[in-house]
Structures are given as C-alpha cells and as structure tokens.
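The values are calculated or read from the model by the stated rules, or taken from the named source; none is laboratory data. Note that this is a predicted model, so its numbers are computed, not measured. FYI the Cβ positions are ideal-geometry reconstructions off the backbone, even for glycines, and counts take in every protein chain you see.
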Amino acid sequence: MQATRGEEVPSLYLSGACLYQATPYQTGPALVAMLVVLVGSILKQHSAGEAQLEVRRKRLDDIRLELQRPFEHEGRLLDLMTRQCELLKRLDLDKDEAGTVSVDTEELREAG
C-alpha cells in the first residue's frame, strides 16, 4: 500500500499487478472499512476481467474465420470491374484532360 500526499487529503493506493485507488476519509475506521471493501472487490473485478477476455478471444476467433472465407460475390465484382474498364476505354474516360487536349492538338496539326 502506498500513500501519497496531494494538496490537502492523502490519496491511498493498493498496488500489485493492478492499481486500486481508495477514496480518502477523515476517520481511521472509515478508511479501514473502505480498504476492506476494496480488497474484497479484487476477486470480483478479476472474474469480470477474465469473462471479458474470453468474450474478446471468441470474437477474435470469429473474425479470423470470417477473414478466411472467400468473398461470395468475387466473380460478379470482377465481371463488373472488367466491364467498367471496357467502357472507360470506349469512351476515352481513362485519359486525363491534359493528355486528351494534347492528342487533339497533335491530330489537328497532322490534318493541317
């Protein structure tokens, strides 16, 4: 147990693998009662932490399984992307405007 002094009232901490802060009290019996409650809550907090950890591990396993599955619409997506590329080429939308202007200018010079 550590005691540190702030501006007026000392702050009390129980430290180990975790750090527990006890609210300071003016009287000794109230402080002892608070520390007893605090020590009694350690097992409950530990159990809650283990349960939360188990839930998160299960969720992580579920996510890993989901990532291993193939994308169910992959074929359709590839078809649509191929079609989009074909349309861009037909409409000359795959060129930037500066490139298109220079091509048009060169064609006019050659024609003239």
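Just a few scattered comments:
- If you go through the stretch 38-76 and keep only what is surrounded by 10 or more Cβ atoms within 10 Å (Cβ to Cβ), aliphatic (A, V, I, L, M) and at pLDDT below 90, you end up with Leu38, Val39, Ile42.
- Residue pairs whose Cβ atoms lie under 9 Å apart, sitting 6 or more positions apart in sequence or on different chains, and linking a residue in the stretch 47-76 that is in contact (Cβ under 8 Å) with a residue 24 or more places away in the chain to a partner that is not small (Gly, Ala, Ser), do not occur here.
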